[in-house]
Ligand SMILES: [Zn+2]
């Protein structure tokens, strides 16, 4: 490991200094211990928040239970959705002029984003789901993986020169808090790159006629209903939140050359934080 972790992280419970050993992170102030398992630092969620009542929905609960199986099928390499996902990410990666380290991949999933910069040291990858983090850790050995909620304040202020948030802000319930936390940990001269689905005319149509019936049948629940909870933020809500703490340096739609939400499947952003 080339990354000196204690330079970037603090205790997610009390925001004090921690010491990092090979398999253990210790906070001397509050006594919290965090452990590494299968190449992933576990349970650094810290906020102790319970799931908001919003998520009390049977279809979403079933979707969550099947999350890792679903991700494995959805992102298997031969799948159309997976190939599209790759094109979306290639589009947002096109906004990166040069990689400035250290890099935070927020919501790294099973590690697909990391394919685009496998040579890089000093990459920290964060996700909420332990199973998908384990998949990412098997695919790419170099990054350091954390199971954490970004709003948990486990990272020190202005720690990162580059932050990636690909296909993640549409999922986040505490949107403002999360975007503000991302701004806090981005270096004043750094850039954040965001990819979000537009849920535009074409995307909604494809989901309605192809994806929803396919996954409803495969997993035995109403996929379209589960998505209302899984994608709880529209692209407009995400953009409004981003504008509060960031300046839009560039915005690109895909596949249309315009940036409207109807003809595009995704929007990609390069952002600087407001200082
Ligand atoms: Zn502590």
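A few points about this structure:
- Residue exposure sequence - 245, 254, 99 - by fewest surrounding Cβ within 10 Å: 99, 245, 254
- Scattering profile of segment 206-250 at q = 0.15, 0.21, 0.28 Å⁻¹ [log10 I(q)/I(0), Debye over alpha-carbon scatterers]: -0.54, -0.71, -0.95
- Beta-bridge orientation, the chain: approximately 55 percent antiparallel, per DSSP, counting only bridges with both partners inside.
- Relative to the dominant Cα principal axis of the chain, helix 235-245 is inclined by about 30°.
- Here the gap between residue 274 and residue 218, fully extended at 0.36 nm per residue and compared with their Cα-Cα distance, gives a gain of 15.7 nm.
- Segment 189-251-segment 1-23 distance, computed between alpha-carbon centres (Å): 33 Å
- Modelled FRET efficiency - R0 30 Å, residue 29 with residue 50, Cβ distances, 0.05 increments: 0.75
- Exposure proxy ranking, count of Cβ atoms within 10 Å, fewest first, for 209, 150, 248: 209, 248, 150
- Residue-averaged 222 nm ellipticity for the chain, from DSSP H runs of 4+ at -39500 (n - 2.57), nearest 500: -8500 deg cm²/dmol
- Computed over segment 5-273, Cα set: Rg, Dmax in Å: 18.1, 55
- Applying 0.36 nm per residue to the separation of residue 177 and residue 208 and subtracting their alpha-carbon distance, the gain on full extension is 8.0 nm.
- Cα long-axis angle, helix 80-93 against the chain (0 to 90 degrees, to the nearest 10): 60 degrees
- The distance between label points at residue 251 and residue 57 comes to 2.5 nm (points 7 Å beyond Cα on the Cα→Cβ vector).
- Rounded, prolate or oblate (a/c below 1.5 giving rounded, otherwise prolate when a/b exceeds b/c) for segment 121-177 by Cα gyration tensor: oblate
- Using alpha-carbon coordinates, inclination of helix 175-185 to the longest axis of the chain, degrees: 40 degrees
- Based on Cα contacts under 8 Å between residues 6+ apart, the chain shows a relative contact order of 19 percent.
No lab work stands behind these numbers, since they all come straight from the coordinates. Predicted, not measured: the structure shown is a model, and the values here were computed from it. Cβ: placed from backbone, ideal geometry, glycine included. Neighbour counts: every protein chain shown.
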